[in-house]
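One structure is given here, and the rest of the page talks about it.
The values are calculated or read from the model by the stated rules, or taken from the named source; none is laboratory data. Since this is a predicted model, take the numbers as computed values, not measurements. Cβ: placed from backbone, ideal geometry, glycine included. Neighbour counts: every protein chain shown.
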Amino acid sequence: MLATAGGIGLVPLAGGTAASLAALLIGAGLMRLSAWALPAAALLASLGGFWAVRAVRAGDDPGWVVIDEVAGQWIAMLGLRDGRPLGLLAAFALFRLFDIAKFGPVAWADRRKSAVGVMGDDMIAGAFAAVVLWALQAVWPRFPL
């Protein structure tokens with residue numbers, strides 16, 4: 001159940017995108033709950049994801065394993081000040097861009113056939129998205145992210 005993010009990974013098409021979208025919606029709620037809720041959830045999803053990927057022996061990153069997308073999306077959202085719609089859309093788009101394009105360290109992690117590879121590429125993609133969001137807000141403080 002953890003590896004499939006509660007069954008989302010069993011969606012027939014675009015399981016990773018479906019998991020990212022579900023994580024975005026849940027993450028938006030967590031952001032309203034407490035300043036610590038989203039970082040705590042991202043940490044738990046990351047640690048739980050490493051455990052789940054090892055437990056199901058999914059080192060080759062099958063499409064039904066989507067806990068990595070949940071963790072990566074929540075990491076990307078850590079770059080937001082709050083849960084404004086434009087910021088959420090930017091976090092989603094940037095995370096999916098970095099996850100799909102697999103630039104530099106994302107590609108390196110993706111080539112690892114282990115839990116580090118399955119979780120690592122999405123966690124790094126999420127971190128890249130968060131850094132871009134932080135940079136945009138630093139350059140344009142009034143930009144509605």
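General remarks:
- Test: residue in the range 28-51 that is under 10 Å from the mean Cα position of the chain (by Cα) and aromatic (F, W, Y): no
- Scanning the range 77-96 for residues that are assigned to a helix (DSSP H, G or I), over 14 Å from W140 (Cβ atoms) and touching a residue at least 12 places away in the same chain (Cβ under 8 Å) gives M77, L88, A91, F92, L94, F95, R96.
- Residue within the range 108-117 that is buried (at least 23 other Cβ atoms within 10 Å of the Cβ) and of a type outside the set (S, T, N, Q) present: no
- Residue check for A18: of a type in the set (A, V, I, L, M), free of Cβ contacts under 8 Å to residues at least 60 places away in the same chain, crowded, with 16+ Cβ neighbours inside 10 Å and in a helix (DSSP H, G or I): yes
- Criterion applied to A90, A58, A35 was being in contact with a Leu (Cβ under 9 Å, 6 or more places away or on another chain) and of a type outside the set (D, E), and the one residue passing it is A90.
- Residues of the range 94-104 satisfying the condition of being closer than 20 Å to M77 by Cβ and surrounded by fewer than 16 Cβ atoms within 10 Å (Cβ to Cβ): L97, I100, A101, F103
- Just one of (1) of a type in the set (G, A, S); (2) surrounded by fewer than 22 Cβ atoms within 10 Å (Cβ to Cβ); (3) at pLDDT 95 or above fails for A71. It is (2).
- The range 21-60, subset buried (at least 20 other Cβ atoms within 10 Å of the Cβ) and either in contact with a Pro (Cβ under 8 Å, 6 or more places away or on another chain) or of a type outside the set (A, V, I, L, M, F, W, C) (or both), residue nearest to K113 (Cα to Cα): G49
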